[in-house]
1. What dipole magnitude, in Debye to the nearest 20, does segment 398-539 give about its Cα centre under +1 on Lys/Arg Cβ and -1 on Asp/Glu Cβ?
2. Straight-line reach from Lys190: which aspartates and glutamates have a Cα under 18 Å away, not including same-chain ones fewer than 8 places off?
3. With 10 angstrom as the radius, rank Tyr254, Tyr234 by how many other C-beta atoms surround their C-beta, starting from the fewest.
4. Expressed in nm to one decimal, what extension gain is obtained for the pair Glu533 and Thr360 from 0.36 nm per residue of sequence separation less their Cα-Cα distance?
5. Measure nothing fancy, just the Cα-based angle from helix 138-157's long axis to the longest principal axis of the chain, in degrees from 0 to 90, nearest 10.
6. Taking the number of other C-beta atoms within 10 Å as the exposure measure, put Glu131, Glu383, Glu204 in order starting with the fewest.
7. Expressed in nm to one decimal, what extension gain is obtained for the pair Glu176 and Asp405 from 0.36 nm per residue of sequence separation less their Cα-Cα distance?
8. Each label point is 7 Å from the Cα along the Cα-to-Cβ direction; what then is the distance between the points at Glu283 and Tyr184, in nm?
Amino acid sequence: MAGFREHSGCRWNFGLVGMILVMVMVKFTSAVPIPAPDLPDNCNSEERCCMPRPYRGKPVRQFEYDPTLPVRFRRAAHLIDEEYIAKLERGVKLQRELPDTDPRSWTNQMNLHCLYCDNGLYYPNQTWPLEVHNGWLFLPWHRMFMYFNERILAKLLDDDTFALPFWNWDNQTPEEPHANILPYFYARNKTSSLWNKNRNNCSEPPLTIDLNTEGGCTTKTPEELRIQNNRLIYTQIVTGAPTSNLFFGMPYSYGDAGATGAGTFEDNPHGTVHFWLGDPNPEKPAGPFDDMGNFGVAARDPAFYGHHVNIDRIWTIWKTLPGAQRKEPTHPDFLDAQFTFYDENADLVIVNVSQTLNRTLLRYEYEEMPAAWTTNGELAGQENNVTLCNPATAAETTAMIGAADYFSPDTVFFKDPITFRVARPAVRNSTGVEVLEFSGVDFAEPSMQVHWRSYLFYPTAVTGTSAACPEFAGAYNYVAHPGMAIFKGRNRKWRVALDSKLVALGKQNLSDIVVTLAQFGPTIQPVQFAKVEITYDTS
Ligand code: C2O
């Protein structure tokens with residue numbers, strides 16, 4: 001295809017027989033799981049982020065659980081002591097000292113993350129690069145990226161009990177030490193291996209994290225941020241993600257034109273933590289929001305690891321929330337998808353997604369911490385006792401619906417918020433979760449950020465409107481991938497769960513809903529949607 005650079009490499013790990021098998025499967029079945037890429041040789045030869053060549057390790061092997069490993073106990077970063085910090089610091093220093101020829105080095109691990117998401121990994125004869133964001137591969141891939149990072153540090157430290165700490169930003173407890181600030185050891189000393197220079201000045205400790213950030217600094221008080229953060233996580237992860245596809249993201253199989261839509265959790269708070277920590281200064285070599293707000297270089301910041309261990313931990317909490325559908329996808333294209341990583345000995349290993357799902361066999365645990373977001377920052381049972389930002393009588397609601405036009409695909413969503421009306425199906429599907437589905441999400445510049453929020457029955461919501469309002473229904477956060485110049489023509493979806501929100505708003509019996517979208521952040525892009533409709537998610 002015109003405009004795409006040549007990509008190299010024709011060797012797959014499972015060889016010619018495997019390739020023929022895949023071709024036969026592509027022809028005769030609707031979908032095939034993503035196969036293990038051949039690292040380093042499937043790297044687009046002219047792109048950045050390739051792994052050291054030639055590969056010098058043992059022949060690639062299938063990952064096996066190691067029952068002899070001690071169970072590693074991952075602690076909250078704000079609670080670890082100086083001895084633990086010194087150990088982490090030493091491990092990262094040793095990792096930074098590994099030579100460029102070693103795929104375990106700090107830079108190569110940053111590049112490995114980049115390779116998997118930023119237009120670097122091409123299977124032979126495929127037009128689209130592999131992408132581990134924006135779809136259901138996101139959580140399992142990052143779990144194993146953390147797993148191997150932890151194992152590499154353990155090896156360098158010669159301590160198999162070593163565990164990565166988690167940055168507990170979802171814990172809004174006001175008592176000190178604060179969990180919802182950047183753990184101070186990432187920022188206290190420029191000579192520390194845990195320090196990173198490309199960051200937002202307003203993310204320095206002791207400033208409270210803004211999970212609804214517009215990039216850069218905020219004028220909200222710590223108390224406002226605590227309330228907002230709990231409610232935002234509640235909307236994204238509790239009411240917004242009652243099914244596996246809503247939480248994990250949309251199905252993504254071999255041959256698809258890129259990943260097909262992020263889960264609510266990946267968009268926000270995962271994406272906004274990246275955005276909050278990145279430097280908003282647009283003069284950085286790779287654009288604004290380096291390092292964390294740019295997937296190509298995000299893993300250069302040691303805080304990336306603290307962040308992603310917490311992402312992994314929240315996945316484990318999500319599974320314990322009420323609701324029968326809070327489980328991992330069971331489709332074979334999910335379970336049998338494969339990744340290739342370098343293990344602690346720099347040997348290549350293939351991991352199936354099904355192998356990432358058993359944490360007991362992976363042998364690590366999490367320290368238990370308060371998570372008030374699971375009940376909206378309120379006492380259990382009081383989740384919906386939050387005042388509406390736009391209280392409307394029945395007559396005002398009817399007028400609001402009457403004043404909104406139905407969505408038109410010609411709408412260009414740009415600097416001004418847009419409001420439209422969506423009809424609900426006359427007959428409800430009682431087994432599925434009602435979802436507002438935007439298909440064919442398209443915007444001008446995929447190498448830049450784009451962010452928006454959605455509100456229900458709140459047409460006056462504007463850019464700065466808080467995610468603490470019960471009308472806030474979900475946020476879209478596309479983190480920049482400067483290498484990812486390919487986005488157009490994708491069937492990417494964005495989805496918002498409606499059931500619990502409509503109940504909380506007292507509007508579950510209306511035949512139409514009113515939706516308002518508002519973009520925010522320094523890069524506002526023209527956005528279009530091919531279709532907006534209500535569907536039922538039974539995943
Ligand atoms: Cu691969 Cu938080 O990113």
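1. Working: 13 positive and 12 negative charges, 34 e Å.
With Lys and Arg at +1 and Asp and Glu at -1, about 160 debye.
2. Qualifying aspartates and glutamates at Cα under 18 Å: Glu82, Glu89, Glu97, Glu204, Asp279, Asp290, Asp291, Asp301.
3. Numbers: Tyr254 17, Tyr234 24.
Fewest-to-most ranking of Tyr254, Tyr234: Tyr254, Tyr234.
4. Gain on stretching Glu533 to Thr360: 58.3 nm.
5. Value to nearest ten degrees: 40.
6. On the way: Glu131 26, Glu383 19, Glu204 14.
Lowest count first: Glu204, Glu383, Glu131.
7. On the way: separation 229, 0.36 × 229 = 82.44 nm, distance 4.94 nm.
Contour length minus Cα-Cα distance gives 77.5 nm.
8. It works out to 3.2 nm between the two label points.
Bear in mind these aren't lab numbers, they're just calculated from the coordinates by the rules spelled out. From a predicted model like this one, the values you see are computed outputs, not experimental measurements. Every residue, glycine among them, receives a Cβ derived from its backbone with ideal geometry; neighbour counts consider all protein chains shown.
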